[in-house]
Amino acid sequence: MAGGGGAEEGCGSELTLLAARRQVSPYVMRVRVALNLKGLRYAYVLEDLSAKSALLLELLGRLERDVLGDGRRFFSGDAIGYLDVVLGSFLSWLEALRAVAGVALLDAARTPRLAAWAERFGASEAVRPVTPEVGWVVAYADMLRERWDAEEGITK
């Protein structure tokens, strides 16, 4: 890997990359490639979303406090901006996770401003008509899981 960076479990690095159980996310891969190209060392931690770690809860709290803590309605101000679109694009998947596994990453009791942001974002006229229904996302995730489970059975 370029620059001598890379992932190490428990390497004590200042950078930590959290990823879900399956290591197939192109978004995680993008970050890993970028960190490796920059030669940055980082800890790569597989997160169990059904039992949120203290680190994940801390990071969600930091997002709540540092990004939404100044009374702004959206990340980049009162209008929907780039960061809103980046995070908001995952809201249907987060709701599907809640529906299937009971995992609530955006918990109004724990992160009220982040949960309120998600409500406002999802209600936007620009967002609502293009947001997939949670049931469709759940069905799609079930299809992917069946496919992955079948592939894992083949490779064992």
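The values are calculated or read from the model by the stated rules, or taken from the named source; none is laboratory data. Worth saying up front: this structure is predicted, and the values here are computed from it rather than measured. Cβ coordinates were reconstructed from backbone atoms using ideal geometry, including for glycine residues, and neighbour counts include every protein chain displayed.
Scan the range 5-32 for residues that are farther than 22 Å from Val86 by Cβ, at pLDDT 75 or above and crowded, with 16+ Cβ neighbours inside 10 Å and the total you get is 0.
Of the residues Ala108, Ala141, the single one that is out of contact with any Ser or Thr (no Cβ under 8 Å at 6 or more places or on another chain), surrounded by 15 or more Cβ atoms within 10 Å (Cβ to Cβ) and not assigned by TED's automatic domain parsing to the domain that holds Leu15 is Ala141.
When you scan the range 92-102, do you find a residue that is assigned by TED's automatic domain parsing to the domain that holds Arg145, in a loop (DSSP other than H, G, I, E, B) and closer than 30 Å to Glu151 by Cβ, even just one? Checked against the condition, which is being assigned by TED's automatic domain parsing to the domain that holds Arg145, in a loop (DSSP other than H, G, I, E, B) and closer than 30 Å to Glu151 by Cβ, the range 92-102 yields at least one hit.
Every condition in (1) loosely packed, with under 12 Cβ neighbours inside 10 Å; (2) within 23 Å of Pro26 (Cα to Cα); (3) more than 18 Å from the chain's Cα centre (by Cα) is met by Trp148 except one, and the failing one is (1). Total residues in the range 79-91 satisfying the condition of being outside any loop (DSSP other than H, G, I, E, B) and hydroxyl-bearing (Ser, Thr, Tyr): the figure is 1. Scanning the range 103-127 for residues that are over 14 Å from Val85 (Cβ atoms) and part of a helix (DSSP H, G or I) yields Pro112, Arg113, Leu114, Ala115, Ala116, Glu119, Ala123.
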